[in-house]
Amino acid sequence: MDTTLLFTAALQLPDPWRVSGVELRDGEGGRRELHITIGFEPGSSFSCPHAECGREACPMHDVRNRVWRHLNFFQYKAFIHAGVPRVSCPEHGVRAVPVPWARPGRGFTLLFEAMVVELAKSQPVADIAEQVGEHDTRLWRFIRHDVDQARLYEDYTGVEAIGIDETSRKGHRYITVVADPAERNVICVVPGKDANTVKRFALDFMDHNGDPNRVTPVTCDMSPGFAKGIREHLPNAAKVIDKFHVIKHANEAVDKVRKTQAGRNPLLRRTKYLWLRNEEGLTGLQLETKHNLQKQRVKTGRACQMRETLQDIYATSTSRMQAEAGFQTLCSWMMHSRLEPMKTLARRIRRHWQDILTYFDHRCTNAILKGLNGIIQHIKTRVRGLRNMDYFSTMIYLTRGKLDLATVTI
């Protein structure tokens, strides 16, 4: 078979496009490169490229030579060369005809971009750039564009419950991640962690056919900024304090008690996880050590029992009323414990009393966001050193947004 016909078939070129030449050339560093030249049959005509124009067979104005990077051919870098015709439309003027292998204004073919976007789901873009011999800035440009374009097709019409959580990018620079617990995917990433963050989410949500008035419940932490934003921009939402955040604060309080006591009792040093892990997660020796310390009536043991009681309330309460009684007894115990960190925890619970109890009405958590946290931490590592926070957001959408990239990469 003629080589040009073979490459025409391999590239799936429609009429009137044809491969007119294929050759290996010396490239940078003495490496060989494959260069494919594409043309069109003499006398070919093209329609006006304007989306609202149906004019066919517009007269050709001129031809502009272009080059695109294509997928490697075996060990060779591959490039496509073509003279792109520009046609003259009486109504819309001179316009370039779109080529079937690349998007307008791009220096890469659709297949090359699709490959890079797929690799970016699991590899740092800097590593991919080194593999393909391109600068990472050029790759980031179309990765961000493709992710942004794919998001335009997202439809959140049926979303009625969301989870909100923040994470730091670098230092005190935060982003807020919003997830749909039903679909288990990220639907919005916005900078900051205040009331304006919720406002920006609400606007983005409406851009994707979501209705803020239908959202209830909203699971989040105890942030006053989130609380204010939810009141103002999600008016019918029931705010649910995520139980994992409450338990996290309890763990921190227990460890503060341990640290204070460890200064006077060397036996408590290096026992942090004996008190913070559930007993089923401890080894036999760890469990024996913990029970021996509790027999000595150490304050840390009492604090740990309070934390375990908190977990039992979440695990066994069958109604809001039962949970409220349990929290009242627990808070009273903590306030009379003479353990300042536990008293602080009791005050915190009382400040957020209604929102904590709302959990027992809806039984929703930010478990999906906690599950995503490990992946997001890995993404942080992959984009470390990049100042642009948009890159961080792009990678979260790409890996956890469940975007239909076929809408923009095929």
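The values are calculated or read from the model by the stated rules, or taken from the named source; none is laboratory data. In this text the structure is predicted, and so the values were computed from the model without any measurement. Ideal geometry is used to build each Cβ from the backbone, glycine not excepted, and the neighbour counts take in all protein chains shown. To get the accessible areas, we keep the full protein, side chains included, count just its heavy atoms, and leave off ligands, DNA and RNA. Shrake-Rupley method; radii C 1.70, N 1.55, O 1.52, S 1.80 Å.
Below are the figures for this structure:
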{"item": "Residue pairs, from the table Lys121/Lys243; Lys243/Lys402; Lys370/Lys402; Lys239/Lys402; Lys343/Lys370, whose Cα atoms sit over 19 Å apart", "result": "Lys121/Lys243; Lys243/Lys402; Lys239/Lys402; Lys343/Lys370"}
{"item": "Region 41-149, relative contact order in percent, only Cα pairs under 8 angstrom and at least six apart counted", "result": "19"}
{"item": "Eligible lysines near Lys77 by straight Cα distance, threshold 20 Å, same-chain separation 8 or greater", "result": "none"}
{"item": "HN-Hα J in Hz across region 6-14 - Karplus 6.51, -1.76, 1.60, θ = phi - 60°, x for Gly and Pro", "result": "5, 6, 4, 5, 5, 7, 6, 7, x"}
{"item": "Per-selection Kirkwood Rh - region 84-136 (Cα, Å, 1 d.p.)", "result": "13.3"}
{"item": "Full-stretch length increase - Leu282, Thr316 - with 0.36 nm per residue and alpha-carbon distance subtracted", "result": "10.0 nm"}
{"item": "Percent of C-alpha pairs per 5 Å bin, region 247-303, short to long", "result": "4, 20, 33, 27, 14, 2"}
{"item": "Tail beyond 22 Å, pair distance distribution of region 272-384 (Cα, percent)", "result": "50"}
{"item": "Cα convex hull volume per residue for the chain (Å³)", "result": "210"}
{"item": "Rounded accessible area per residue of region 301-383, 1.4 Å, Å²", "result": "48"}
{"item": "Rounded Å value of the spacing that divides the Cα centres of region 297-332 and region 125-161", "result": "46"}
{"item": "Estimated FRET transfer efficiency when R0 is 51 angstrom, pair Thr289-Glu130 (beta carbons, to 0.05)", "result": "0.55"}
{"item": "Region 194-249 and region 359-380: distance between their alpha carbon centers, rounded to Å", "result": "14"}
{"item": "Pair Arg138, Leu5: separation of 7 Å Cα→Cβ label points (nm)", "result": "3.4"}
{"item": "Contact order normalised by residue count of region 273-400, Cα under 8 Å, 6+ apart, percent", "result": "15"}
{"item": "Cα gyration tensor shape of region 126-265, rounded if a/c is under 1.5, else prolate or oblate by comparing a/b with b/c", "result": "oblate"}
{"item": "Whichever lysines have a C-alpha closer than 19 Å to that of Lys290, once near sequence neighbours (fewer than 8 apart) are set aside", "result": "Lys256, Lys259, Lys272, Lys299"}
{"item": "Coarse-grained scattering of region 1-98 at q = 0.10, 0.12, 0.17 Å⁻¹, given as base-10 log I(q)/I(0) from a Debye sum over alpha-carbon atoms", "result": "-0.34, -0.47, -0.81"}
{"item": "Lone cysteines, the chain (no partner Cβ under 4.7 Å)", "result": "Cys58, Cys188, Cys220, Cys304, Cys331, Cys364"}
{"item": "Kirkwood Rh, angstrom, region 46-131 [1 / mean 1/r, Cα pairs]", "result": "14.9"}
{"item": "Volume per residue of the C-alpha convex hull in region 319-374, rounded to whole Å³", "result": "92"}
{"item": "Inter-centroid distance (Cα atoms) of region 255-285 relative to region 10-36, Å", "result": "66"}
{"item": "Cα-based equivalent ellipsoid of region 150-208: semi-axis lengths in Å, sorted from largest, via gyration tensor", "result": "21, 12, 11"}
{"item": "Length-normalised contact order for the chain - Cα pairs under 8 Å, 6+ apart - percent", "result": "13"}
